[in-house]
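One structure is given here, and the rest of the page talks about it.
We did not get these values from a lab; they are worked out from the coordinates using the rules stated. Values in this document were obtained by computation on a predicted structure and should not be read as measured data. With ideal geometry, Cβ positions are generated from the backbone for all residues, glycine too; neighbour counts draw on all protein chains shown.
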Amino acid sequence: MTNKAWFNTDQQLPPGKEIFRSQRRFALWAYTVSHGQALFRSIGSSDGPSTLPETTIEVLFKPAAIMKIRDDYHGLLIRSAPTDEAERIKAVYPSVEFSPSDRVFLLESQGETDYVISMAAGWHEDVLAPTRRSFFTNVFAGDTRWPTTPLSGADAGFSIASAADLIEALCSSEDHQRVRRERYRHVYVVMTRVELRDGPDISGSGVFLTHEDAEEAKAVLAAHVADCWIETLPIAI
């Protein structure tokens with residue numbers, strides 16, 4: 001069963017071709033200025049038999065040059081615009097210099113039509129792990145931090161949890177509930193390096209909820225170690 005697809009060539013996107021259809025509800029989930037990425041997401045029951053597990057469907061447009069969209073769709077059909085309609089829509093924006101790779105994707109829902117002009121579009125449906133931010137965000141070799149946002153790029157900080165939310169999450173962690181980790185909170189780890197006979201020993205000496213507390217701990221430890229610094233790490237909540 002195909003549960004994902006990516007469209008970015010003329011062969012894949014002949015005029016009028018339908019590339020995605022679902023009866024589920026979709027919301028605009030994330031947008032980044034970097035690379036012009038627009039992500040829509042649906043969380044709920046599969047379009048298949050009711051015995052299947054709950055899945056997440058994500059639709060990504062990249063890079064999006066023009067968008068006429070709404071923040072919520074009840075049912076969604078996406079297709080490549082017919083040639084005449086694509087030309088008509090692009091003509092609305094005479095100040096924009098479109099490239100030959102910019103395509104018009106029509107978003108149809110409840111008898112109304114929106115559109116996104118972008119070079120590519122794709123979708124992915126599966127069970128999204130609680131700590132995975134998106135099907136379109138991956139950790140690559142050399143990465144040293146857990147990604148905190150659904151898409152790489154500028155983050156407005158809307159998913160940062162409060163200190164009270166962090167404390168509540170820590171207190172309820174004994175329940176071992178597998179829930180979606182949609183938000184995060186930074187903590188501050190005081191790191192130390194001690195020179196030993198067989199080489200340096202680097203370790204974390206304490207985790208603090210505020211940078212001020214971490215600075216105080218660092219000041220106390222610094223006189224007793226070869227080096228001391230603070231690392232900022234995200235906790236999935």
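Taking the longest Cα principal axis of the chain as reference, the axis of helix 211-221 is set at about 30 degrees. Per residue of the chain, the DSSP helices (runs of n ≥ 4 H) give a summed -39500 (n - 2.57) that works out to -3500 deg cm²/dmol at 222 nm. Our coupling estimate for the stretch 122-127, obtained by passing each phi through the Karplus curve with A = 6.51, B = -1.76, C = 1.60 and θ = phi - 60°, is x, 9, 8, 10, 5, 7 Hz, Gly and Pro reported as x. Using the Karplus relation 6.51 cos²θ - 1.76 cosθ + 1.60 with θ = phi - 60°, the per-residue 3J(HN,Hα) values for the stretch 92-97 come to 5, 10, x, 7, 8, 9 Hz, with x marking Gly and Pro.
For the chain, the percent of C-alpha pairs falling in each 10 Å distance bin, counted from 0 to the bin holding the largest distance, reads 7, 24, 27, 19, 12, 9, 3, 0.
Annotation note: GluC sites (Glu not before Pro) in the stretch 161-210 located in DSSP loop regions with a Cβ neighbour count of at most 15 within 10 Å are GLU182.
Taking the chain, how many lysine pairs are there with alpha carbons less than 20 Å apart, if each pair must be eight or more places apart or span two chains? Number of lysine pairs found: 7. Of the residues TYR31, ILE69, ILE117, the one whose Cα sits farthest towards the positive end of the charge dipole of the stretch 13-135 is TYR31 (charges of +1 on Lys and Arg Cβ, -1 on Asp and Glu Cβ, taken about the Cα centre).
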